[in-house]
Amino acid sequence: MPDHIPGARAALADRTALVTGAGQGIGAAVAQALAAEGARVLATDRTAEGVKALAADWAADPARWGEGAGGTITAEVMDVTDAASVEAVVAEAERAHGPLDILVNVAGILRPGPAAELTDADWADTFAVNTSGVLHTARAVTPRMAARGRGSVVTVGSNAAGVPRTGMAAYAASKAAAAMYTKCLGLELARSGVRCNVVAPGSTDTAMQRALWADEAAPRRVIDGDPATYRTGIPLGRIAEPRDIADAVVFLASDRARHITMQELYVDGGATLR
C-alpha cells in the first residue's frame, strides 16, 4: 500500500518544489508526497547517496503512488550552510525545471547535550544547518517568488521550539529561531502573494529519533511520558511516521491553504498540549 494517497486530481500539478534534507526521514517523505501530488521535486541534501536513491526509487515505480500523479523527483547535492552553493543550485533549478513555486526547509541536525556543557562547535554547527540554512534558501528563493507574485515556503521546525526539552537546548533554540524567521519572512512577503508557514513535528520515527533511544523501552517512554526529564507523553498514543509530517507540509504548500500564512502547525499527537 502506498505511503501517500493522492487526491482525485494532482493538487500540485505543474508546480516545482525544492526540498532540503531530502536524503532520508521527513525530507524524503516530503519529496515523495509532493511528487505524488504532481509536483516536479528537486530533492537536495549535502550528500548524494540518499537523494539519488530516493529519485531512483521514485522512477522505478511511480505507479504505486497513484496513477496519473505525474510528479518527478530529481536529485541534487546542496549544502544549506553554503550560501553560494544554495544560490547556484536555485539558479540552475529555475533554468532547468522552471520557476520554483514551493520551498520546503527540512535539513536539520541534532547535537544533544546539557545546556551548560554545549561546545562552541556543537552550537555553531546546529545553528548553521537548522537556522542559517533556512536563511540561505529563503534568501535565494523568495525574491524570485515575490517577483512572480506567488509561492509557498514551509519550514519544518520542531515542537521542541515551543516547549523546553532537557538535553536539546541547541536544537530547540535553533528551531525556535528558524520558526520566527519564517513567520517574519511571511509578514514581509504577504503582499507579494508568498505564504510562509511552519510545521512543527513531535517525536517521529526517523534515524534522528532512533539515535536518542538507548534501549528497547525508549519508544514506550516517549509515548507514555518521562517524569525524570519533565516530558509529557503523546495523547494520541503513537509516534509519528514521516508521512504524517509530509501530509501537513503538502497541505500548507497547496492552494487548499491559500489563506494561511505565518502559522505554526504542531504535528505531535498532542504532546505539547497546545
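Below is a table of values for the structure above.
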item	result
Simple spin-label estimate for TYR230 and SER192 in nanometres, 7 Å along Cα-Cβ	4.0
Whole-Hz couplings from phi, Karplus 6.51/-1.76/1.60, listed for region 120-135; x for Gly and Pro	4, 5, 5, 5, 5, 5, 5, 5, 4, 7, 6, 10, 5, x, 5, 4
Long-range amide H partners of LEU103 with built H, under 5 Å	LEU18, SER152, VAL153, VAL154
Mean Cβ count within 10 Å, highest first, over the residues of peptides 35-41, 199-205, 265-271, 86-92	35-41, 199-205, 265-271, 86-92
Given charges at beta-carbon only (K, R positive; D, E negative), |dipole| of the chain in Debye	880
Furthest towards positive pole of dipole, THR272, THR166, MET208, structure part the chain, Cβ charges	THR272
Cβ-based charge dipole, the chain, positive-most Cα from HIS97, LEU189, ALA176	LEU189
Residue among GLN32, GLN263, GLN209 with the largest mean-square fluctuation in a Gaussian network model of the chain, springs linking Cα atoms under 10 Å	GLN209
ALA121 paired with ASP61, simple spin-label distance in nm, labels 7 Å along Cα-to-beta-carbon	4.1
Fraction of antiparallel bridges per DSSP, the chain only, in percent to nearest 5	5
Full-extension gain in nm, GLU87 to HIS259, via 0.36 nm per residue minus C-alpha separation	59.0 nm
Charge dipole (debye, nearest 20) of region 129-259; +1 at Cβ of Lys and Arg, -1 at Cβ of Asp and Glu	660
Tilt relative to the chain, helix 169-189 - C-alpha long axis, 0 to 90 degrees, to 10	30
Distant-in-sequence amide H partners of ARG231 (H built 1.01 Å from N, under 5 Å)	ASP226
Nitroxide proxy distance, nm - points 7 Å out along Cα→Cβ at ASP205 and ALA13	3.3
Check: region 79-159 dipole with +1 on Lys, Arg Cβ and -1 on Asp, Glu Cβ, in debye	500
Difference of contour (0.36 nm per residue) and Cα-Cα distance, ALA146 to GLU49	31.6 nm
Computed lengthening from THR272 to ALA217, 0.36 nm per intervening residue step minus Cα-Cα distance	17.7 nm
Cα-based helix-to-principal-axis angle, 48-60 vs the chain, degrees rounded to 10	60
Amide H partners (placed H, <5 Å) of GLY157, local residues excluded	VAL199, ALA200
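None of the figures in this text is laboratory data; all of them are computed from the coordinates on show. Nothing here was measured: the structure is a model prediction, and the numbers come from that model. Please note: Cβ atoms are built from the backbone with ideal geometry, for glycine as well, and neighbour counts cover all protein chains shown.
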